[in-house]
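Remarks on the structure that follows.
Read-outs: derived from the displayed coordinates by stated rules, not from any lab. What you are looking at is a predicted structure, and each value in this text was computed from that prediction instead of being measured. Positions of Cβ are generated from backbone atoms using ideal geometry, with glycine treated the same way; all protein chains shown enter the neighbour counts.
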Amino acid sequence: MRIFITGATGFIGTAIVAEVIKAGHQVLGLTRSEAGAQSLIAAGADVFHGNLEDLDSLRRGAAMADGVIHTAFNHDFSRFAANCEADRLAIEALGAGLAGSDRPLVITSGTGMGAIAPGVAAIEDNFNPDHPNPRKTSELAGLSVGQRGVNVSVVRLPQVHDTVKQGLISPLIQIARDKGVSAYVGDGLNRWPAAHVSDVARLYRLALERGQAGRRYHAVAEEGISLRDIATVIGHGLKIPTVSLSHEEALTHFGWLGDFVGRDLPASGRQTQQWLDWHPSGPALIADLERMKYAGD
């Protein structure tokens, strides 16, 4: 299969490109830069010049492929709602490029979209279209495209990690470095789910190869690691104190992450593992945090 991959030069996309090529597929990778093009060529992929704002380029790239994996997303959280709307337009364009065929489109969302109730692990079958998180826009776009006959499935992401990057935990590390303390909120027992980037890449491939239209898959290896444990290992790594903050203090301390850091967001991946015979085997989040190189070491 020839797979069009957006976000092909990003953290997760790079791992997906390698995984898909290893499985015997051909990759057409979207990039806007010459440096990105060179990295794709080095990985054994073909280059497709374009970007998320150029919707025609997305339609053309999808039309040239046997399937699409869409991971590109602007992670500037200062304009998160606008970025979610841009993702809606991108998904609509990719769907248009696949119209009239059964070629798969795998899009991306977050495990929080499967939340049921406080303290209960999010599940694949749940989706609340009235969820306050603007990220729901991506899944609503997937539903819209699916209603027009496109074979769409969703991979929902937790904190995706290796020893270099760890999702939203990477900015937590930078904040701890800047502030001189590694902090959590309250008792710190609220949880975030996680998965190693190699396991996540394999799940995207399986969703493309075996996925069922309309299904949502959770890339979850660990259902929930407490923020206190995460903050503690960061504190050890940076050799700084680990402290508890009130919710009010957290809003100031963490900036744009302030409202998010105290949330309990466990998620299950049990159904995904059964549906796709996906069995995560990569290192755990805490193990990667313990092994990473902290600046100043």
What is the distance, in nm, between label points placed 7 Å from the Cα along the Cα-to-Cβ direction at Asp130 and at Asp259? 1.9 nm
D_trans [Stokes-Einstein, Kirkwood Rh over alpha-carbon pairs] for the range 193-234, 20 °C, 1.002 mPa s, µm² s⁻¹: 180 µm²/s
How many percent of Cα pairs in the range 25-130 exceed 21 Å? 46 percent
First obtain the Kirkwood hydrodynamic radius of the chain from its Cα pairs, then insert it into the Stokes-Einstein equation at 10 °C and 1.306 mPa s, and state the resulting D in µm² per second as a whole number. 81 µm²/s
Based on the mean of other Cβ atoms within 10 Å per residue, sort peptides 121-130, 76-85, 210-219 so the most packed one is first. 210-219, 121-130, 76-85
Sum up the charges of everything whose Cβ sits under 15 Å from the Cβ of Val185, counting Lys and Arg as +1 and Asp and Glu as -1, but leave Val185 out. -2
Euclidean distance between Cα centres, the range 249-297 to the range 90-124, Å: 20 Å
Selection from Pro241, Ser281, Val20, by position along the positive dipole direction of the chain (Cβ): Val20
How big is the Cα convex hull of the range 1-52 in projection, averaged over all directions, in nm²? 3.0 nm²
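Could you order the peptides 270-276, 28-34 from most to least packed, using the average number of other C-beta atoms within 10 Å per residue?
So the order, starting with the most tightly packed, is 28-34, 270-276.
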